[in-house]
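Visitor: If you scroll down you'll find the structure; I have some questions about it.
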Amino acid sequence: MIKPKFHQFNCREQNRVDLRQARAVLKYKPDIIIFEQPEKDGNPESIFNKYDCKNKPFRKVSIIKKNLKEVSREFRYALSMVKTFENIERLWHDGHDILLYNVDGPQELRADFFEVWYNMYPCATKNWLWWVYIYLRERIMANHIHLILKKYKIKNNPKILIFIQSFHWKHVKFLLSNPSKKEIWNYYFGKFSEITPPTIAKRIRKNNELFYKYWEKYSDF
């Protein structure tokens, strides 16, 4: 039975570079890195996983780094990821393979946060619909991680770097612990008396069609 060793590191999303994740790559020499980045078409697996170390498409890594540098003009912390990829490349060149996965929800779900909720934080945390958004993203993350671990057959004790923010990772670990529906409800929505398991889907649909779309597909209720 696989017994992964998780090591979680944040990246401060501020106007400066944070190298904790980049340094962790060289320190731990992980077998898997899990990013808080949007999956594509429901698939969390990176294209780089298809190649052995000597045949990795390094040109594509260069494109990723170039794009990150452009993003860093507005969000300087993106340079942190540039260094992270440089260190991943370094280990690949040394013959140490690392599997990469993006486990966050689709871009359209993530984008809703910036369009609607970003300017409301932290007041938004008192809104049950904000917790619907958080739950959906974290349920998708947990589903992907569960699938990644289920499919992994290379080592019994893989070292896994978790590059998910600690706020989300705390909740994702809870979901990975196989809680009951009642436990999940109380964890995310127990403090909101205005919603119940039988009525929440209707309330979501009335307030946000995008949330409802993902609720129907991923929720435990």
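Visitor: If a/c stays under 1.5 just call it rounded; otherwise compare a/b with b/c (prolate if a/b is bigger, oblate if not). Do that for the stretch 1-77, with a ≥ b ≥ c from the square roots of the Cα gyration tensor eigenvalues. Display every interim value, and only then the final one.
Guide: Numbers: a/c = 1.65, a/b = 1.20, b/c = 1.38.
Cα axes put the stretch 1-77 in the oblate bin.
Visitor: Follow-up question, since we're still on this one. Which value in nm describes the separation of the simple spin-label points at R59 and K3, placed 7 Å from the Cα toward the beta carbon?
Guide: 4.5
Visitor: Return the FRET efficiency for the residue pair Q165, K66: r is the Cβ-Cβ distance, R0 is 22 Å, and the value is rounded to the nearest 0.05.
Guide: Values: r = 25 Å, r/R0 = 1.13.
Computed FRET efficiency for Q165 and K66: 0.35.
Visitor: State in Å² the accessible area per residue of the stretch 115-207; use a 1.4 Å probe, count heavy atoms of protein chains only, and round to the nearest integer.
Guide: 57
Visitor: Looking at the chain as a GNM with Cα springs under 10 Å, which of P106, P179, P38 has the largest mean-square fluctuation?
Guide: For the chain, modelled as a Gaussian network with Cα springs under 10 Å, the answer is P179.
Visitor: Per DSSP H run of at least 4 residues, take -39500 (n - 2.57); add these up for the chain, divide by its residues and hand me the 222 nm value, nearest 500 deg cm²/dmol.
Guide: Taken over the chain, the calculation gives -15000 deg cm²/dmol.
Visitor: Oh, and also: Against the empirical 2.2 N^0.38 Å scaling, what ratio does the C-alpha Rg of the stretch 25-67 come to? It would help to have the intermediate numbers written out before the result.
Guide: Numbers: Rg = 11.8 Å, N = 43, 2.2 N^0.38 = 9.2 Å.
Compared with the compact-globule rule of thumb, the stretch 25-67 sits at 1.29.
Visitor: Next up: Tell me, what % of the accessible area of the chain is carbon and sulfur with a 1.4 angstrom probe?
Guide: Carbon and sulfur atoms account for 49 percent of the accessible area of the chain.
Visitor: Which value, in debye to the nearest 20, describes the size of the charge dipole of the chain about its Cα centre when Lys and Arg Cβ atoms bear +1, Asp and Glu Cβ atoms bear -1, and nothing else is charged?
Guide: Its charge dipole is roughly 540 debye.
Visitor: Okay, next question. What's the FRET efficiency of D94 with R23 using the Cβ-Cβ distance as r and R₀ = 25 Å, to the nearest 0.05?
Guide: Values: r = 16 Å, r/R0 = 0.65.
The value I calculate is 0.95.
Visitor: Same structure again: Quickly work out the K213-to-R12 label distance, labels modelled 7 Å from Cα along the C-beta direction, and quote it in nm with one decimal.
Guide: Between R12 and K213, the simple spin-label model gives 3.6 nm.
Visitor: So, for the stretch 1-90, what is the accessible surface per residue at a probe of 1.4 Å, expressed in square angstrom? Display every interim value, and only then the final one.
Guide: Values: 5630 Å² over 90 residues.
Solvent-accessible surface per residue comes out at 63 Å².
Visitor: Looking only at M81, M141, M120, which one moves most when the chain is put into a Gaussian network model with springs between Cα atoms under 10 Å?
Guide: M120
Visitor: Select from I63, I164, I145 the residue whose mean-square fluctuation is largest in a Gaussian network model of the chain (Cα-Cα springs shorter than 10 Å).
Guide: I63
Visitor: Contact order normalised by length for the stretch 1-78, with contacts defined as Cα pairs under 8 Å and 6 or more residues apart; what percent is it?
Guide: On the way: 35 pairs, mean separation 32.9, N = 78.
That works out to 42 percent.
Visitor: Can you list the residues of the stretch 1-38 with backbone N under 11 Å from a point 7 Å past the Cα of I154, pointing along Cα to Cβ?
Guide: 30-33
Visitor: With charges set only on the Cβ (+1 for Lys and Arg, -1 for Asp and Glu), what does the dipole of the stretch 160-221 come to about its Cα centre, in debye to the nearest 20?
Guide: 100
Visitor: Which order do the peptides 165-175, 11-21, 146-156 take when ranked by the mean count of other beta-carbon atoms within 10 Å per residue, highest first?
Guide: 165-175, 11-21, 146-156
Visitor: Which residues' amide hydrogens lie under 5 Å from the amide hydrogen of L99, considering only partners 5 or more residues apart or on another chain, with H built in the peptide plane?
Guide: Here I32, I33 satisfy the definition.
Visitor: Can I ask one more? Given axes a ≥ b ≥ c from the Cα gyration tensor, I'd like to know whether the stretch 171-221 is rounded (a/c under 1.5), prolate (a/b larger than b/c) or oblate.
Guide: Here the stretch 171-221 falls in the oblate category.
The values are calculated or read from the model by the stated rules, or taken from the named source; none is laboratory data. Every value quoted in this text rests on a predicted model; they were computed, and no experiment measured them. Reconstructed Cβ throughout: ideal geometry from the backbone, glycine too, with neighbour counts over all protein chains shown. Areas reflect the complete protein model, heavy atoms only, side chains present, ligands, DNA and RNA absent. Shrake-Rupley method; radii C 1.70, N 1.55, O 1.52, S 1.80 Å.
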